[in-house]
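Written out below as structure tokens is the structure these notes cover.
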Amino acid sequence: MSLTLDSAPTTAPTRRGLARGLLRTARPKQWTKNVLVLAAPVAGGRILEAAVLGHTAVVFVLFCCAASGIYLLNDAMDAEADRAHPVKRFRPVASGEVPVAVAYAAGIGLSLVAVVGGALLLNGTTALLLAVYSAIQIAYCVKLKHVAVLDIAVVASGFLMRGLAGGTASAITPSQWFLITVGFGSLFVVGAKRASELAKLGEDAKHTRKLLSEYSESYLRFVWQGAAALMMLSYCLWALEPDGSTLGQLRMLSIVPMTLAVLRYALIVDRGEGGAPEDVLLGDRVMLALGGAWAVIYGTSVFL
């Protein structure tokens, strides 16, 4: 990893090419992860309130800025190493489409926009959460992504903080079951992603992603299977809490599509095809159908 600014290609990018390169480096496809900010308002049954919906939309945009800022900083830091990689050398920063100095400036700017926007448009708690998210992710780019176990924990914490931010934006206090379910659900997804990457790369893991060579398939299987079991246990305990209403009983039925979705995801991971969670969730028709069934059942139990 290099923090120097003088090793970029000397060819000056065009204005259009620079804008296109910045957008590619910001990775807009990854913004789908930020829909997790809906979790707390939906779980609390308040997402249909105009104020809550507005706050949730704002925190979604701010997390897109924060995440894109981190991607820009990461590619700027890794530019020199990426140029020696057979695939990553085509990234905009590594290829010179986006100068390293510009990537640094854009990354820092977007990170600041997220934190300042949280303070001005939402509240201090959300701004602090966005600042902590950015700080942890920068530490990940600099060092923690090379430390086994901590790399998984940091990525999982990013998902958890997205879920928490949706609550803090509208002053919704999440329940203990929400925190446990989202926390272990995040660990499940990240552990499964690493397991799929290791299965797909095999012996090439130590060359493509060196840290993967420190993991074994059995260890990663232990991580994602254990996390999946704890996530489902906490979800079931929450859904089965009696409240004496018909809709409360309907909430219990949401366990069925949730369990089937986890089992389906586990099957995809076991095939070594779970490397990109957003592709699994949006690219598998069965997962989409189970997600839709869960949304209908759970939505009916909360909003009617």
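Overview of results
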| read-out | value |
| --- | --- |
| ³J(HN,Hα) computed for each position of region 69-76 - Karplus, 6.51 cos²θ - 1.76 cosθ + 1.60, integer Hz, glycine/proline x | x, 5, 4, 5, 5, 4, 5, 5 |
| Distant alpha-carbon pairs in the chain (separation over 29 angstrom), percent | 40 percent |
| Relative contact order of region 85-181, defined on C-alpha pairs under 8 angstrom at six or more residues apart (%) | 19 percent |
| The chain: angle of helix 15-26 to the longest principal axis, Cα-based, in degrees nearest 10 | 40 degrees |
| Mean Cβ count within 10 Å, highest first, over the residues of peptides 70-80, 151-161, 210-220 | 70-80, 151-161, 210-220 |
| Cβ-derived FRET efficiency at R0 30 Å, residue 15 paired with residue 143, nearest 0.05 | 0.30 |
| Sequence-distant residues sharing a close amide H with residue 148 (under 5 Å, placed H) | none |
| Mean separation of Cα contacts under 8 Å (6+ apart) over length of the chain, as relative contact order % | 18 percent |
| C-alpha long axis of helix 255-270 to longest principal axis of the chain, angle in ° | 30 degrees |
| Phi-based couplings in Hz for region 103-119 (Karplus 6.51, -1.76, 1.60; Gly and Pro marked x) | 4, 4, 4, 5, x, 5, x, 5, 5, 5, 4, 5, 5, 5, x, x, 6 |
| Region 221-302, relative contact order [Cα under 8 Å, separation at least 6], % | 33 percent |
| Long pairs among 29/143; 29/88; 33/210, criterion Cα-Cα beyond 21 Å | 29/143; 33/210 |
| Radius, Kirkwood style, for region 13-172 when every pair of distinct Cα atoms is counted (Å) | 16.2 Å |
| Estimated inter-spin distance, residue 249 and residue 132, nm [label 7 Å along Cα→Cβ] | 4.1 nm |
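A short reminder: the numbers here are calculations on the coordinates, not readings from a lab. None of the values given here were measured: they were computed from a predicted structure. Methodologically, a virtual Cβ is constructed for each residue, glycine included, from the backbone with ideal geometry; neighbour enumeration extends over all protein chains shown.
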